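One structure is given here, and the rest of the page talks about it.
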Amino acid sequence: MAGLVRAGFSFARNAIFSTSVRSIATTNPLNLKEIRERTEGSSIVIEAVNVPSPRTELLVRAENLPNHEPAVSPSEKPPCYMCALGLDVKHTDVLILSQFVRSDGCMLPRRITGLCRRQQKKMGKLVTMAQKAGLMINLTPGNCKKDPKKRREHKKFNTYFDERTIFMKKIPKPVDRFKR
Amino acid sequence: MSAAKRVQQWATFARTWHIFDCKWQDPYESANVIKKYLMGLHKPIYHPMNDCGDVVVCINSREIALRGDEWRKRAYFHHTGYPGGATWTLAWELHNKDPTMIIKKAVYRAMKGNLQRRHTMERLLIYPGETVPEDVLQNVTNQIRQTRLVPTRLDQIPEEVSKAYPKVMDYPEDYILK
Ligand SMILES: [Zn+2]
């Protein structure tokens, strides 16, 4: 009887949270997919094609580097891949930052990037900085004016950013130095 | 005085012309660099009473870069002298009106206020674009190093370079490419 009740509960849960629990699938779910749309005569065919990841070959990981020292105690949680690499990423490093965004320039969520909270926050802010400085104008929404010089008011002039302000609690103003 | 000594005397006291590219440079950082060349502080013969300052030609002053939100936060104050004659102009408004004014004011403020400052400023030539008069350009013999790296835009990098660049992030297995 208890098993029947539990089965009933799990069935109800599956019906409600059907997006998160993929127990039944008509296709193989664990593959990188690309949605292709093509026209065949009068009908439009939309299909999801499994493609190999284009990045696997070029992937850099700290554990694969020659002079890598693993974390001291195995009991601690290992750091995420950006913390392990220890790169000093600036907002002008668009070749690195463009890996964390979609084709419309939007930052990918943490479940896809696989970063820790701090690095996700940092990368998100760096992407914002790069977009505001107009350094990734080919990764923007379709309605965006691509050229930064065509922007309005103060946005059309060149702007650079200071990466130290990302985790600064209170950004000091120029008048603060007069206070005692 | 021998001929060699006379030439050495000319070479020591002649004004050198320097060029400075303001593209993506912070005007307030670069003002401290330009100031040294304008006043002659980089010369061993420097003395406040010694007129040994050089000429600096600033090009691309339209392309200067300000930090963070300074374009809309920094205000330039002016007072006409009449009651109610005070105006506060934001940096981006001033740059719209005159693209040479911000770098000029930055250099002016970087120097100590004395009777020499106005004459030193006369030796600073600023051009908003890359076009410099020919008679100015033929005097230039030195280039001042920029303080900040000029960033490269992603669309200026060739496709094959960005494809072959080492990657740090890989998509999870069930990601749908967009
Ligand atoms: Zn981390």
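The values are calculated or read from the model by the stated rules, or taken from the named source; none is laboratory data. Owing to the predicted nature of the structure, the values given are computational and were not obtained by experimental measurement. Using ideal geometry, Cβ is built from the backbone for each residue, glycine included, and neighbour counts are taken over all protein chains shown. Calculation scope for accessible area: heavy atoms of the full protein, side chains included, ligands and nucleic acids excluded. Shrake-Rupley method; radii C 1.70, N 1.55, O 1.52, S 1.80 Å.
Computed values, structure above
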| item | result |
| --- | --- |
| Percent of beta bridges antiparallel (DSSP, the protein assembly as shown, rounded to nearest 5) | 45 percent |
| Residue A:36-residue B:86 FRET efficiency (beta carbon distance; Förster radius 56 Å; 0.05 resolution) | 0.35 |
| Once exposed loop GluC sites (Glu not before Pro) are cut out (DSSP; at most 16 other Cβ, 10 Å), longest piece of chain B | B:1-121 |
| Interface burial for A against B (accessible surface, 1.4 Å probe, total of both chains, Å², rounded to 100) | 4300 Å² |
| Note, ³J(HN,Hα) from phi for the stretch B:148-160, Karplus 6.51, -1.76, 1.60, rounded to Hz, x at Gly and Pro | 10, 6, 7, x, 9, 6, 5, 6, 8, 7, x, 4, 5 |
| FRET E, pair residue A:170, residue A:88, Förster distance 22 Å, beta-carbon r, rounded to 0.05 | 0.40 |
| Rounded to whole Hz, the Karplus (6.51, -1.76, 1.60) HN-Hα couplings of the stretch B:96-113, x for glycine and proline | 5, 6, 9, x, 9, 6, 5, 5, 5, 5, 5, 5, 4, 6, 6, 8, 6, x |
| Percent antiparallel among DSSP beta bridges (both partners in the stretch B:48-178, rounded to 5) | 60 percent |
| Average projected area [Cα convex hull, chain B], square nanometres | 18.5 nm² |
| Under 5 Å, built H, 5+ apart or other chain: amide partners of residue B:65 | B:24, B:25, B:26 |
| Candidates per trypsin sites (Lys or Arg not before Pro) in the stretch B:40-133, loop by DSSP, up to 11 other Cβ within 10 Å | B:112 |
| Estimated inter-spin distance, residue B:163 and residue B:13, nm [label 7 Å along Cα→Cβ] | 6.5 nm |
| Amide H partners (placed H, <5 Å) of residue B:177, local residues excluded | A:33, A:34, A:35 |
| Per-pair calculated FRET efficiency, R0 = 35 Å: residue A:57 and residue A:116 via Cβ, rounded to 0.05 | 0.90 |
| J(HN,Hα) series, the stretch A:82-95, from Karplus relation 6.51 cos²θ - 1.76 cosθ + 1.60, nearest Hz, glycine and proline x | 6, 5, 5, 6, x, 7, 9, 8, 9, 6, 8, 7, 5, 5 |
| Helix-only mean residue ellipticity at 222 nm for the protein assembly as shown, each DSSP H run of n ≥ 4 adding -39500 (n - 2.57), per residue, nearest 500 | -8000 deg cm²/dmol |
| Solvent-accessible area per residue, Å², over the protein assembly as shown with all protein chains present [probe radius 1.4 Å] | 67 Å² |
| Average Cα contact separation per residue, chain B, under 8 Å, 6 or more apart, as relative contact order % | 31 percent |
| Sulfur and carbon atoms: percent of accessible area, chain B [1.4 Å] | 53 percent |
| Values of log10 I(q)/I(0), in the order q = 0.06, 0.07, 0.11, 0.14 Å⁻¹, for the protein assembly as shown under a Debye, Cα-only, solvent-free model | -0.40, -0.52, -0.98, -1.26 |
| In chain B, lysine pairs closer than 22 Å at Cα, eight or more apart or cross-chain | 22 |
| Shielding of B:64-75 by partner chains, average beta-carbon count, 10 Å | 4 |
